[in-house]
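The values are calculated or read from the model by the stated rules, or taken from the named source; none is laboratory data. Just so we're clear, the structure is a prediction, and the values are computed from it rather than from any experiment. Every residue, glycine as well, gets a Cβ built from its backbone with ideal geometry; the counts of neighbours run over all protein chains shown. Heads up: the accessible areas ignore ligands, DNA and RNA and are worked out on the full protein's heavy atoms, side chains in. Shrake-Rupley method; radii C 1.70, N 1.55, O 1.52, S 1.80 Å.
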Amino acid sequence: QVQLVESGGGLVQAGGSLRLSCAASGSIFSINDMGWYRQAPGKQRELVAAISSGGWANYADSAKGRFTISRDNAKKRVYLEMNSLKPEDTDVYYCNADIRVGWGTHPSRYWGQGTQVTVSS
């Protein structure tokens with residue numbers, strides 16, 4: 001059983017910062033890409049940032065220059081440092097990871113339960 005558990009969301013004023021953390025646990029052989037998505041009620045989940053196992057990162061245009069994604073492969077964690085937050089960043093943020101549970105298996109995408117980020121004006 002594989003689990004992703006997010007932490008670090010909350011309420012912050014515009015211009016403030018938050019650091020989201022996501023820990024993977026369970027029967028994990030290897031982790032490929034990890035990432036963060038956001039979703040508003042009634043809307044599709046959209047990419048915020050993703051990072052490969054080698055550390056190559058890509059960002060949504062709205063996140064470039066303000067957010068930084070990083071990962072600790074030994075700890076099976078991915079982080080999202082969010083600075084200069086704006087009210088329009090308010091959403092539920094989900095982490096995901098493409099995980100192989102055994103040698104020779106294909107990676108499957110797992111999701112965390114989500115953490116609320118609210119930015120007040």
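What number of residues within region 12-42 are modelled with pLDDT of 95 or more, of a type in the set (G, A, S) and exposed (fewer than 13 other Cβ atoms within 10 Å of the Cβ)?
First, pick out the residues of region 12-42 that are modelled with pLDDT of 95 or more: 12-26, 28-39.
Then drop every residue that is not of a type in the set (G, A, S), which leaves 14-17, 21, 23-26, 30, 35.
Subset that is exposed (fewer than 13 other Cβ atoms within 10 Å of the Cβ): 15, 17, 25-26.
Here the count works out to 4.
Conditions tested, residue by residue: (1) among the hydrophobic types (A, V, I, L, M, F, W, C); (2) open to solvent by 50 Å² or more (accessible area, probe 1.4 Å); (3) in contact with a Leu (Cβ under 7 Å, 6 or more places away or on another chain).
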| site | (1), (2), (3) |
| --- | --- |
| S52 | no, no, no |
| D61 | no, yes, no |
| G65 | no, yes, no |
| R71 | no, no, no |
| L80 | yes, no, yes |
| S84 | no, yes, no |
| V92 | yes, no, no |
| I99 | yes, no, no |
| G114 | no, no, no |
